[in-house]
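J.: Below you will find the structure I want to go over with you.
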């Protein structure tokens, strides 16, 4: 390659580099894509400038050197001939803007190919081969400033590292269009540098990690690259300030050096300590640990990325202040699809899908969930699906605020949703749980629970809704049907308000409420229980007088069920309650203190100390049945 051609190609590197290099490269490096949600202003790559050829250095077919070559503010074009020497460590120094072009380098044992140790260093189409156990292809020392490596090749298994930076505190490093494979240690290892910018590289089959980057002061950027089949992690970044990882693959890492079933720290991508992380269009598959593992990050955004067939979790998030997960797929991972101990805020939304995770049958059901969220201040889950997982569809524990909307769980091997948290929980807007092997929804130990607007639990092997130990429950426009056990089961709930909801065609009771030792108030407005296998509605009172209050505000229907069985201590208002006495073995109220009866229908038996009509007039019990059959004109929804 002549000088003018090299300069022309290199100076266009911020857009594209293309052409034939050394007779065997025909490579194109795309421009940096604009993928950052919020602009990451990493530095622009320095341009190669025209330089004179290095004086007194000629590289030919049989040329051998007995001294280390210095490319100091000059251009050395090897024209594809190898740099050879004897007893040289390193083979060549590149410093002060020097340019090394089209040079294969033979490296001896315990030696280094290229050392960049002062000022700027430019390498174009440089490759390293050598004797057994040579140290590295390129070594960057602490006085280097800008190091640009284009089309670097280090694929010799005799090398310890492809590129290594030794506490190069002021260095900015660019690596593009390069092939680093089969190194005994890391493909790229950098420590205490300013920036690491990588684009369109293949860094695979190395003995340890593909890339090990630590204490990078500003940016680590990796674009359009492969980090596959490495012995440890695909990409390992610790204590970097900003991290952008886009259009990459990190697959099948930790295939080497695996002992037993230990799955720790054997991940496709491992990130610890950055201020800001953005991951876009990345595949992490078949790794021996997690696909993605992110720890101690202030801001995390993951978009359009995939984690599959990993031996642990698809995504594992720990100590994240603000995590945003958009449109990700996690499937057929051995543990959870996504596991989060974010501590801060977690947003999972925009058509994210978690399916067929939890292949490891030896662990607990929660660890085999599609989505596992615990110990988080706020979690917002929207427009996601979780299905056919080995445990729960969604497992949520100890979250201070939880909002779920437009979300689906189906065909999971345990509950669709299992939520246990002392906080406020809202389940809203077309959220469904269908065909799960456990309950549709298991909701426990919640302070305030809101279920509203077209929520559905159906065809589950156990209950539609299992709600226990909750302070305040409001249910609006929610249906539970064709579950094998109860439609709604509520126990030890202090306040229940239900409106515009249906429980139908369930195998056991439509609605079963018991208050245990907790005083309970129930307010119903337009609630229907019909064609259930056992009772339409069962209310079992508490242990103390006046511990159960029931107030129907508008029509409450229990039609075509086996029974209606309402048992209370205290005084009960049975206004606007209707039962199909002809179809029931019993339709009865029992209240130890008394009943206020007003426009009730089809009740066979009311037992109470006193029974008052709407005018307050007391009657000798039992109260007179109005003997009207309201269910005759009522049609139970079919829910086909």
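J.: So if I check each of 486, 415, which one is modelled with pLDDT of 95 or more, in the same structural domain as residue 519 (by TED's automatic domain parsing) and in contact with a strand residue (DSSP E or B) (Cβ under 6 Å, 6 or more places away or on another chain)?
T.: The conditions single out 486.
J.: Among the residues of segment 301-350, which ones are over 10 Å from the mean Cα position of the chain (by Cα), assigned to a strand (DSSP E or B) and buried (at least 23 other Cβ atoms within 10 Å of the Cβ)?
T.: 320, 342
For (1) surrounded by fewer than 17 Cβ atoms within 10 Å (Cβ to Cβ); (2) at pLDDT 80 or above; (3) outside the structural domain of residue 471 (by TED's automatic domain parsing); (4) touching a helix residue (DSSP H, G or I) at 6+ places or on another chain (Cβ under 6 Å), each residue gets a yes or a no:
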| site | (1), (2), (3), (4) |
| --- | --- |
| 510 | no, yes, no, no |
| 513 | no, yes, no, no |
| 516 | yes, no, no, no |
| 521 | yes, yes, no, no |
| 527 | no, yes, no, no |
| 531 | no, yes, no, no |
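J.: Ok, one more. With touching a helix residue (DSSP H, G or I) at 6+ places or on another chain (Cβ under 9 Å), assigned to a strand (DSSP E or B) and surrounded by 24 or more Cβ atoms within 10 Å (Cβ to Cβ) as the only criterion, which of 138, 147, 101, 126 stands out?
T.: Only one candidate qualifies: 101.
J.: Additional query: Quick one: residue 204 ticks every box in (1) farther than 19 Å from residue 42 by Cα; (2) surrounded by fewer than 24 Cβ atoms within 10 Å (Cβ to Cβ) bar one, so which box is it?
T.: If we test residue 204 against (1) farther than 19 Å from residue 42 by Cα; (2) surrounded by fewer than 24 Cβ atoms within 10 Å (Cβ to Cβ), just (2) comes out false.
J.: Take the residues in segment 234-244 that are modelled with pLDDT under 95 and part of a loop (DSSP other than H, G, I, E, B), then tell me which one is nearest to residue 276 (Cα to Cα).
T.: 241
Residue-wise test of (1) more than 26 Å from the chain's Cα centre (by Cα); (2) in a strand (DSSP E or B); (3) modelled with pLDDT of 95 or more; (4) within 24 Å of residue 344 (Cα to Cα).
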position: 427; (1), (2), (3), (4): no, yes, yes, yes
position: 433; (1), (2), (3), (4): no, yes, yes, no
position: 455; (1), (2), (3), (4): no, yes, yes, no
position: 460; (1), (2), (3), (4): no, no, yes, no
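J.: Could you please find all residues in segment 53-67 being surrounded by fewer than 16 Cβ atoms within 10 Å (Cβ to Cβ), touching a strand residue (DSSP E or B) at 6+ places or on another chain (Cβ under 7 Å) and in a loop (DSSP other than H, G, I, E, B)?
T.: 64, 66
J.: Any idea which of (1) farther than 15 Å from residue 473 by Cα; (2) more than 39 Å from the chain's Cα centre (by Cα) is the one residue 519 doesn't satisfy?
T.: The one condition residue 519 does not meet is (1).
J.: One residue is enough: does segment 361-368 have a residue meeting the conditions assigned by TED's automatic domain parsing to the domain that holds residue 326, touching a strand residue (DSSP E or B) at 6+ places or on another chain (Cβ under 6 Å) and at pLDDT below 95?
T.: For segment 361-368, residues assigned by TED's automatic domain parsing to the domain that holds residue 326, touching a strand residue (DSSP E or B) at 6+ places or on another chain (Cβ under 6 Å) and at pLDDT below 95: absent.
J.: Out of curiosity, is residue 303 assigned by TED's automatic domain parsing to the domain that holds residue 458, touching a strand residue (DSSP E or B) at 6+ places or on another chain (Cβ under 9 Å) and either at pLDDT below 95 or at negative phi (or both)?
T.: The answer is no for residue 303.
J.: Please count how many residues of segment 70-91 are assigned to a loop (DSSP other than H, G, I, E, B) and over 19 Å from residue 53 (Cβ atoms).
T.: So the answer is 6.
J.: Restricting to segment 138-153, give me the number of residues that are free of Cβ contacts under 8 Å to residues at least 40 places away in the same chain and either under 16 Å from residue 180 (Cβ atoms) or outside the structural domain of residue 201 (by TED's automatic domain parsing) (or both).
T.: Residues that pass the stated criteria total 5.
J.: Is it fair to say residue 167 is buried (at least 24 other Cβ atoms within 10 Å of the Cβ), touching a strand residue (DSSP E or B) at 6+ places or on another chain (Cβ under 6 Å) and over 18 Å from residue 75 (Cα atoms)?
T.: For residue 167, the condition - buried (at least 24 other Cβ atoms within 10 Å of the Cβ), touching a strand residue (DSSP E or B) at 6+ places or on another chain (Cβ under 6 Å) and over 18 Å from residue 75 (Cα atoms) - is not met.
J.: Conditions: (1) surrounded by fewer than 24 Cβ atoms within 10 Å (Cβ to Cβ); (2) within 13 Å of the chain's Cα centre (by Cα); (3) closer than 20 Å to residue 318 by Cβ. Residue 372 meets all but one. Number of the miss?
T.: Answer for residue 372: the failing condition is (1).
The values are calculated or read from the model by the stated rules, or taken from the named source; none is laboratory data. Keep in mind it's a predicted model, so treat the numbers as computed, not measured. Note that we place each Cβ from the backbone using ideal geometry, even for glycine, and neighbour counts take in every protein chain shown.
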